[in-house]
Each structure stands twice: as C-alpha cells, then as structure tokens.
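Read the figures in this text as sums done on the coordinates, not as results from a lab. Bear in mind the structure is a predicted one, so any value in this text is a computation, not a measurement. As a convention, Cβ positions derive from the backbone with ideal geometry for all residues, glycine included, and neighbour counts pool all protein chains shown.
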Amino acid sequence: MNIETIAEQVQRAPNPYKAAIARLIRRELINSEDHQGDKKIIHFEDGSFIAFAVSYAPVELGQL
C-alpha cells in the first residue's frame with residue numbers, strides 16, 4: 001500500500017507554493033551566505049516537507 005505524503009500532493013498542485021502554505025504546520029528559511037541559494041522549507045502534519053528555492057530578481061525600478 002503506497003500512501004502519498006502531503007508533500008507529494010502539494011508538488012502536483014497547480015500552484016505548489018499556495019497549496020503548501022494552506023497546509024503548513026511550520027516553515028523555516030535557510031539563508032545562504034550570499035542569498036543566492038536560499039531555501040524555504042515547509043513542514044506538514046504527516047512529517048513530510050517540501051523545499052522551495054528562493055530567488056531574488058529585480059522586478060521594478062523607480063526613483064523618488
């Protein structure tokens with residue numbers, strides 16, 4: 001009997017991050033030294049977890 005974890009269900013969702021946030025019990029952010037390899041890890045009730053890469057890309061410029 002192969003029972004699917006919450007992390008596996010979340011991974012297949014149309015918007016995995018939104019699905020993960022809806023079902024999380026705990027999250028943590030693991031920062032890299034230069035913030036180029038940051039990870040957000042979301043833990044679920046069944047003990048499974050999913051990690052998302054966090055990237056920082058410029059999306060808007062402005063001037064006051």
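Going through the chain, which trypsin sites (Lys or Arg not before Pro) have at most 11 other Cβ atoms within 10 Å and a DSSP loop state?
Here the sparse-neighbourhood loop sites are Arg12.
Kindly give Rg over Rh for the chain, based on alpha-carbon atoms, with the Kirkwood expression for the hydrodynamic radius.
When Rh is taken as the Kirkwood radius, the ratio is 1.12.
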